[in-house]
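Undergrad: For reference, the structure I am asking about is given below.
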Amino acid sequence: DALAPQIATLFLNRTVAQHDTLMKKYMRDAGFTVRFQMTPFQEEALRASLGENVGLIKSIGQQYLSSVETHVWQCVQSGYDLSTLSQNLKKSFGVSKRRAEFIARDQSAKAHAVIEKARRQELGITEAIWQHSHGGKEPRKSHVAADGRKFEIAKGCLIDGKRILPGEEINCRCVSKSVLPF
């Protein structure tokens, strides 16, 4: 109980830092200099989705989901340290190493999607281009087909009859790149 808040904080900070570094590079390549900090809007968006995402984890008892949420939140705040998150999930909840790694990767992708959407909204970026990760043994055909498709960030990309953002669906490793309005 005492260690969980520290671990979750470490994970979130590293995740955000990694995302910021990549986004800064893209912005710098486009001729912009942007200083990134997690704003109250981004933090609120992340917190709102975190509970919902953790609720999707079926292999851990319902009574432990708030604890999982704490682990994931700390992970995102510390820069997406997936190794530490998966170790803590395994240790705290007795799930297999493979299951803990899957949960850590999945929850990290979902957190990343929320932060990226909020950040883009604050910057006035309204469109992005879906990029399939080309990872995984059995890629979703619909996600492969969406590779290169432009979509409105506020709505999400229309895939399989629903609007989603990269990383939102379970085990989705897809990403997107911003379309700058000039």
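The values are calculated or read from the model by the stated rules, or taken from the named source; none is laboratory data. Bear in mind the structure is a predicted one, so any value in this text is a computation, not a measurement. FYI the Cβ positions are ideal-geometry reconstructions off the backbone, even for glycines, and counts take in every protein chain you see. Please note that ligands, DNA and RNA were not included when accessible areas were found on the heavy atoms of the full protein model with its side chains. Shrake-Rupley method; radii C 1.70, N 1.55, O 1.52, S 1.80 Å.
Undergrad: Within the range 102-144, can you find the residues that are in a helix (DSSP H, G or I), open to solvent by 30 Å² or more (accessible area, probe 1.4 Å) and over 24 Å from Ala45 (Cα atoms)?
TA: Lys141, Val144
Undergrad: Sticking with this one: Testing Lys177 on (1) in a strand (DSSP E or B); (2) modelled with pLDDT under 85, one condition comes back false. Which one is that?
TA: Tallying (1) in a strand (DSSP E or B); (2) modelled with pLDDT under 85, Lys177 fails exactly one: (2).
Undergrad: Go through (1) open to solvent by less than 80 Å² (accessible area, probe 1.4 Å); (2) among the polar types (S, T, N, Q); (3) modelled with pLDDT of 65 or more for Ser49 and report which single condition fails.
TA: In the conditions (1) open to solvent by less than 80 Å² (accessible area, probe 1.4 Å); (2) among the polar types (S, T, N, Q); (3) modelled with pLDDT of 65 or more, Ser49 misses (3) alone.
Undergrad: Report every pair of residues separated by at least 6 positions or lying on different chains whose Cβ atoms are under 8 Å apart, first residue within the range 165-176 and open to solvent by 60 Å² or more (accessible area, probe 1.4 Å) and of a type outside the set (A, V, I, L, M), second at pLDDT below 85 and assigned to a strand (DSSP E or B).
TA: none
Undergrad: In the range 145-164, which residues are open to solvent by less than 80 Å² (accessible area, probe 1.4 Å) and not in a loop (DSSP other than H, G, I, E, B)?
TA: The answer is Ala145, Ala146, Phe151, Cys157, Ile159, Ile164.
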